[in-house]
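FYI, it's all coordinate maths here, none of it is from the lab. As the structure is a computational prediction, the values presented were derived from the model and not from experiment. Quick reminder, even Gly has a Cβ in these numbers, built from the backbone with ideal geometry, and neighbours come from all protein chains shown.
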Amino acid sequence: MIQKFRIFIVLIMVCGISTVSTAQSYWQQKVNYKMAIDVNVQTNRFTGKQRLEYFNNSPDKLDKVFYHLYWNAFQPNSSMDVRSRELGKIMINNNPDWDSRVKDRISKLTPDEIGYQKVLSLKMNGVPQNFSVHETILKVMLSKPILPGQKVVFDMEFEAQVPLQIRRSGRDNPNTQVRYSMSQWYPKMAEYDFEGWHADQYIAREFYGVWGNYDVSIKIDKDYKLGGTGVLMNASEIGWGYDKPGTPLKPIAKAKRTWHFVGNHVHDFVWAADTAYNHLSKKIRPDLTLHVIYKYKPDNKGYEEGWQNVLAAAEKVLPFIEKNFGKYAYPQYSFIHGGDGGMEYPMATLIHTSTIGTVFHEWMHSWYQMMLATNESEYPWMDEGFASYAESLVSAFYSGNTELADLRKRLEKNPENKALQNLVNSLPENHSGAYNGYFRLVKSDLQEPLTTHADHYNTNFGYSISSYSKGEIFLEQLGYITGADVRDKILMAYYNKWRFKHPNVNDFIRIAEEQSGMQLYWYRMYWINTTKFINYGIDSVWQDDETVKIRLVNKAEMPMPIDVRVTFKDGSTQLYNIPLDLTLGSKKNEDPVEKYFVEPEWQWTHPQYILKIKAQAAAIASIEIDPSKRMADLDRSDNKIIY
């Protein structure tokens, strides 16, 4: 009996070790697309053939697969249509909460304006497969399962109608006048990962795709000019600046020409086309060419200069970007006029304007979505928020001014504006717009946890500020906790380890803990998983013999490490760092010139803390909690005492 028990225990241990090993083994699926489409610009329809090599690198047997059919969303009464109209019934600050680009426009589309993608036939390894359409999802029940480690080939014939431009993709953009913005244009294999299939309906927002290689041929009327993902393989046939800058589109006798693009190690493919596109390009180093493709407007010098500046600005900031966020991994990048705002894709973005802030934001998605590629639907803040964080720093580098500098200029013109004065006094030097937006969200009572799926936020207002602003603050506030230099090391280590691997929030936190030496699960738990906010204050100050005692209070539910700066009347300062007990560590001095003291830790369960300093109260000019203002304290009115 004892011997059998020992054998049983050994089996459990072996199985347990095996299970842990499997759980910790990293894998991801892979795809190779070869697609050819023929576009009819009169009917705005096209036919296509797709050959998809699918590699099942998972440990699971797959008895079904799913494709996205995004354009089916652009039909009256679709989920996207109804969702937009329902959100429009919510009034926030006397405005409907719907996306102003969508509104109720889908409901008004006529049969020749709607979008659709129809799969005409689908075979796996030559065998026809049964499939069913569920609005924007194609479900394929496989005749034979795909085994772990197996590669299969899907052959598909499909047709599509390009919708009138509503959201991101479409034709005849009413604002930019661009003819075709071709994103989400093909049946796209859904991602399968450790959580299973991610077959989300296309409601409005984010995406998640399988890494792979794309070989795409686009046959279209010969007068159209294209830009998109990948490298143009037949540049010598096309001309138009692809063979060398400034060349015209080469004339051909046929009515149509074929553009052949190849993009490797990407998870999507976008293209755009117009007969009046201009093309600027520059090879800024041997392995990278930048392109700017925009719709020509005659006799508009400022407009032309704006687009020309995009190329110069991108070249200027790239060294700064790569130094702080990692090397750009692809051979080209294209800033393409189109879309309905700004939307990122591999090696390209669709932007409706040459505004530099938009340009930088969309380009930074190349790092936090195109090369790192979290599941945007589950972690929109890890893409939008991180891209916004980077955008703020890149913009400051480019202009030489912080965001707060612009607010100060406004205050100089209107010094009597007390509300603006209070705003300037409450925001950090960088990322001030994000902090201001976050504070508005908390006070609105519309905040939801960042764990909320992108499509399932109750309001567009809540989604936008949560994903962009609160996600941006996550990184800046992390620098407050760990020290800015350590945070910067975290970002580079994150890029180096998780590039091309679909990381999630746990992967980021592990990197942050490795680089900082701190425990940071608590930060993720409070900032991401809850809507709890921060509010610290100075309660009282008194002299006790040779010691000044400062009573600090935590008046909200989220605990934080605390910096307290004491400024003396002789102009000298001392910074006191009070670690949070949950971190099991403390940050190093960020300013070696300033005297720095690490105090006993503050237990998160305790609402009060008494800071003791060797000084005379009469010598103190001011005491301030978090002088950097990087901690997102909702009410800073009691954070500073001036004597």
Using the crude model of +1 on Lys and Arg Cβ and -1 on Asp and Glu Cβ, and no other charge, please compute the dipole size for segment 96-161 relative to its Cα centre, in debye to 20. 300
Using unit Cβ charges (K, R positive; D, E negative) and no other charged atoms, how large, in debye to the nearest 20, is the dipole of segment 396-527 about its Cα centre? 80
Is there a pair in 49/225; 549/629; 34/301; 188/316 whose C-alpha atoms are over 32 Å apart, and which pairs would that be? 34/301; 188/316
Per-residue HN-Hα couplings for segment 439-454 [Karplus 6.51, -1.76, 1.60; θ = phi - 60°; Hz; x = Gly/Pro]: 4, 5, 5, 4, 5, 7, 6, 10, 6, 10, x, 5, 6, 5, 4, 3
Just how far, in whole angstrom, is segment 92-126 from segment 607-643 if you go by their alpha carbon centroids? 53
Relative contact order, percent, of segment 196-266 when contacts are C-alpha pairs under 8 Å separated by at least 6 residues? 45
Of the candidates 567, 623, 540, the farthest towards the positive dipole end of segment 536-642 (Lys/Arg Cβ +1, Asp/Glu Cβ -1, centred on the Cα centre) is 567
Taking amide H atoms as placed 1.01 Å from N in the peptide plane, list the residues 5 or more away in sequence, or in a different chain, whose amide H sits under 5 Å from that of residue 98. 88
Subtract the Cα-Cα distance of residue 256 and residue 510 from 0.36 nm times their separation in residues, and report this length gain in nm to one decimal. 86.2 nm
With a cut-off of 8 Å between alpha carbons and a minimum separation of six or more residues, what is the relative contact order of segment 536-642 in percent? 36
Phi to ³J(HN,Hα) by Karplus 6.51 cos²θ - 1.76 cosθ + 1.60 over segment 241-254, Hz, x for Gly, Pro: x, 7, 6, 7, x, x, 6, x, 5, 6, x, 9, 7, 6
Summing -39500 (n - 2.57) over the DSSP H runs of n ≥ 4 in the chain and dividing by its residue number, what mean residue ellipticity at 222 nm do you reach, to the nearest 500 deg cm²/dmol? -8000 deg cm²/dmol
Please determine, in degrees from 0 to 90 and to the nearest 10, the orientation of helix 471-482 with respect to the longest principal axis defined by the Cα atoms of the chain, where the helix direction is its Cα long axis. 40
Once fully extended, how much extra length lies between residue 635 and residue 574, figured as 0.36 nm per residue of separation less the alpha-carbon to alpha-carbon distance? 19.6 nm
Positive-pole candidate from 527, 552, 516, dipole of segment 516-557, charges at beta carbon: 527
Sites residue 599 and residue 30, calculated FRET efficiency, Cβ-Cβ separation with R0 56 Å, nearest 0.05: 0.60
Suppose we keep just the DSSP beta bridges with both residues in segment 294-432; what percent of those would be antiparallel, to 5? 50
By average Cβ neighbour count within 10 Å, what is the ranking of 259-267, 284-292 from highest down? 259-267, 284-292
Among 356, 119, 600, which residue has its Cα furthest toward the positive end of the charge dipole of the chain, with +1 on Lys/Arg Cβ and -1 on Asp/Glu Cβ? 119
In degrees, nearest 10, the alpha-carbon axis of helix 403-413 is tilted away from the dominant principal axis of the alpha carbons of the chain by 70
For segment 35-115, size of Cβ-based charge dipole, Lys and Arg +1, Asp and Glu -1, in debye: 60
Value of relative contact order over segment 323-436, rounded to a whole percent, pairs C-alpha under 8 Å and six or more apart: 16
Evaluate E = 1/(1 + (r/R0)^6) for residue 177 and residue 484, where r is the Cβ-Cβ distance and R0 equals 41 Å; express this FRET efficiency to the nearest 0.05. 0.40
Please give the residues of segment 598-635, grouped as numeric ranges, whose backbone N is less than 17 Å from a label point set 7 Å along the Cα-to-Cβ vector of residue 549. 600, 607-618
